[in-house]
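> Sharing a structure, written as structure tokens. Questions coming.
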Amino acid sequence: MAPSSICSPTPRRTRPRRQRPWWRRQEDAGADLAGHAPAELAALAERLPKNLRFGTSSWAYPGWSGIVYDLPHSQQRLARDGLAAYARHPLMRAVGIDRSYYAPPRTDEFAAYAAAVPVDFRFLVKAHEACTTAVWPKHQRYGKVRGQPNERFLDPVYASEFVVAPAVEGLGEVLGPLLFQFAPQDFGALGGPRWLVDRLRRFLDGLPRGPLYAVELRNRELMTGAYAAALAEFGACHCINVYPSMPPARAQRTRVRQDQAPAVVCRWMLHPSMNYERAEARYDPFDHLVDEDPGNREELARVCAETDLDLPVYVIVNNKAEGSSPRTIAKLAGRVAELQGV
């Protein structure tokens with residue numbers, strides 16, 4: 001991302017641009033890219049609860065040929081045309097949109113995604129990092145604002161106009177959770193957990209009612225009773241995330257009073273022995289499981305299997321969890337089916 005995308009004034013909302021539609025409806029699109037999933041995966045999908053949706057973080061990975069796609073295709077081709085093929089895989093009933101963390105997509109871009117998938121599909125959309133970054137990191141890509149306080153931090157007006165509205169208008173019924181991800185930050189210097197909860201309460205109170213909001217923390221000390229109460233007050237979810245600095249999945253579920261949440265939202269992000277750079281280098285091209293993590297797989301499987309059957313469950317898996325997120329999902333789904341006895 002260019003530094004100007006952070007330093008620029010608040011972007012103006014525009015009507016969807018009139019442009020040549022590169023997408024088609026899911027029934028027709030992706031026919032020349034979709035692979036043929038093994039019959040056992042289709043049968044497994046039929047055994048799973050309909051409220052349970054697995055998905056990956058994005059879909060444009062050439063290494064998934066023979067797993068999700070028919071043949072090797074370029075990343076550019078898959079980014080443009082691969083979503084419809086991805087949505088044909090029997091276990092992929094959701095996907096995470098990660099690019100929205102770096103800049104909010106336009107309404108028409110979201111609409112293009114919606115047009116490529118069936119009505120039972122769901123998108124987990126990451127909110128722009130301006131919503132959840134208290135002080136801009138001292139990284140080169142942040143340009144002139146490096147190390148400076150962020151005036152858009154937990155600003156419900158900015159989030160409503162540039163994050164929530166385009167996603168709601170563009171995705172419509174296929175919008176799943178809107179995720180506010182807090183990267184690891186020194187909140188102690190700003191006022192600690194209580195300060196963050198007070199800001200978070202005002203933020204959630206100012207957001208439009210209707211969408212499912214999820215909050216993901218990467219600082220375990222922020223998972224307090226006050227945090228759980230704030231989420232419950234406004235009908236938001238804690239995103240149970242598998243990340244090295246966070247407690248196990250079932251411990252997170254207990255600590256945040258998941259029984260009071262309107263949905264279960266989980267993200268399996270990173271192998272416990274890795275950082276993102278090492279995992280990227282070790283796991284690319286993401287076509288097989290390199291470092292299996294049975295402990296965290298069991299934790300997530302039990303979270304899914306022990307959830308009320310009427311509650312929506314979203315599980316998004318990153319390639320950097322074990323090496324290949326579609327293969328991780330197949331094993332995770334199989335374990336959920338075993339635990340539920342189906």
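The values are calculated or read from the model by the stated rules, or taken from the named source; none is laboratory data. All values reported here derive from a predicted model rather than from experimental measurement. All Cβ positions, glycine included, derive from the backbone under ideal geometry; neighbour counts span all protein chains shown. All accessible areas refer to the heavy atoms of the entire protein, side chains included, with ligands and DNA or RNA removed. Shrake-Rupley method; radii C 1.70, N 1.55, O 1.52, S 1.80 Å.
> Can you go through VAL125, VAL117, VAL95 and tell me which one is aliphatic (A, V, I, L, M), more than 23 Å from LEU41 (Cα to Cα) and at pLDDT 95 or above? If you could, list the steps in order and put the result at the bottom.
Details: VAL117 fails: more than 23 Å from LEU41 (Cα to Cα); VAL95 fails: more than 23 Å from LEU41 (Cα to Cα).
The conditions single out VAL125.
> Additional query: Being open to solvent by less than 10 Å² (accessible area, probe 1.4 Å), in contact (Cβ under 8 Å) with a residue 40 or more places away in the chain and over 14 Å from PHE180 (Cβ atoms) is the filter here; which residues of segment 197-241 pass it?
Once the filter is applied, which keeps residues that are open to solvent by less than 10 Å² (accessible area, probe 1.4 Å), in contact (Cβ under 8 Å) with a residue 40 or more places away in the chain and over 14 Å from PHE180 (Cβ atoms), segment 197-241 yields only ILE240.
> Tally time: how many residues in segment 173-206 are among the β-branched types (Val, Ile, Thr) and either in contact with a His (Cβ under 6 Å, 6 or more places away or on another chain) or modelled with pLDDT under 95 (or both)?
Selection size over segment 173-206: 0.
> Residues in segment 100-108: is at least one part of a strand (DSSP E or B), of a type outside the set (Asp, Glu) and modelled with pLDDT of 95 or more?
Checked against the condition, which is being part of a strand (DSSP E or B), of a type outside the set (Asp, Glu) and modelled with pLDDT of 95 or more, segment 100-108 yields no hits at all.
> A further question follows. Give the residues of segment 181-194 that are open to solvent by 60 Å² or more (accessible area, probe 1.4 Å) and under 19 Å from ARG267 (Cα atoms), sorted by residue number.
PRO184
> Might you let me know whether segment 249-256 holds any residue that is hydroxyl-bearing (Ser, Thr, Tyr), crowded, with 17+ Cβ neighbours inside 10 Å and within 29 Å of PHE121 (Cα to Cα)?
The answer is no; no qualifying residue exists.
> Please pick out the residue among SER65, SER74 that is over 19 Å from PRO177 (Cα atoms) and without any contact (Cβ under 8 Å) to a residue 24 or more places away in the chain.
Details: SER65 fails: without any contact (Cβ under 8 Å) to a residue 24 or more places away in the chain.
Of the residues listed, the single one that is over 19 Å from PRO177 (Cα atoms) and without any contact (Cβ under 8 Å) to a residue 24 or more places away in the chain is SER74.
> Inspect all residues belonging to segment 218-234 and state whether any of them is farther than 30 Å from TYR113 by Cβ and hydroxyl-bearing (Ser, Thr, Tyr).
yes
Residues are listed down the side, and each one gets a yes or a no for (1) farther than 24 Å from ARG53 by Cβ; (2) in a strand (DSSP E or B); (3) open to solvent by 10 Å² or more (accessible area, probe 1.4 Å):
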residue: LYS138; (1), (2), (3): yes, no, yes
residue: ARG141; (1), (2), (3): yes, no, yes
residue: VAL157; (1), (2), (3): yes, no, yes
residue: GLU161; (1), (2), (3): yes, no, yes
residue: ALA167; (1), (2), (3): no, no, no
residue: GLU173; (1), (2), (3): no, no, yes
residue: LEU179; (1), (2), (3): no, yes, no
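> What pairs come up if the first residue lies in segment 174-191 and is of a type in the set (Phe, Trp, Tyr), the second is at pLDDT 95 or above and open to solvent by less than 30 Å² (accessible area, probe 1.4 Å), and their beta carbons are under 6 Å apart, counting only those six or more places apart or on different chains?
These pairs meet every condition: PHE180/ALA127; PHE180/CYS131; PHE180/THR132; PHE180/VAL215; PHE182/THR132; PHE182/LEU217; PHE187/LEU196.
> Do we have GLU322 as at negative phi, at pLDDT 95 or above and open to solvent by 10 Å² or more (accessible area, probe 1.4 Å) here?
Criteria not met by GLU322.
> Could you pull out the residue among ALA281, ALA301, ALA305, ALA263 that is surrounded by 21 or more Cβ atoms within 10 Å (Cβ to Cβ) and aliphatic (A, V, I, L, M)?
Selected residue: ALA301, the only one of ALA281, ALA301, ALA305, ALA263 that is surrounded by 21 or more Cβ atoms within 10 Å (Cβ to Cβ) and aliphatic (A, V, I, L, M).
> Would you check which residues across segment 246-281 are among the basic types (Lys, Arg) and over 18 Å from LEU332 (Cβ atoms) and list them? Let's see the steps before the verdict.
From segment 246-281, those among the basic types (Lys, Arg) are 250, 253, 255, 257, 267, 278; that's our starting set.
Once the filter is applied, which keeps residues that are among the basic types (Lys, Arg) and over 18 Å from LEU332 (Cβ atoms), segment 246-281 yields ARG255, ARG257, ARG278.
> Okay, moving on. When you scan segment 224-342 for helices (runs of 4 or more DSSP H) that lie fully inside it, which ones turn up with 2 or more residues that are under 25 Å from ALA34 (Cα atoms) and among the small types (Gly, Ala, Ser)?
325-340
> Test LEU124 against the criterion of being closer than 22 Å to VAL264 by Cα, in contact with a Gly (Cβ under 6 Å, 6 or more places away or on another chain) and either outside any loop (DSSP other than H, G, I, E, B) or open to solvent by 40 Å² or more (accessible area, probe 1.4 Å) (or both), and give yes or no.
For LEU124, the condition - closer than 22 Å to VAL264 by Cα, in contact with a Gly (Cβ under 6 Å, 6 or more places away or on another chain) and either outside any loop (DSSP other than H, G, I, E, B) or open to solvent by 40 Å² or more (accessible area, probe 1.4 Å) (or both) - is met.
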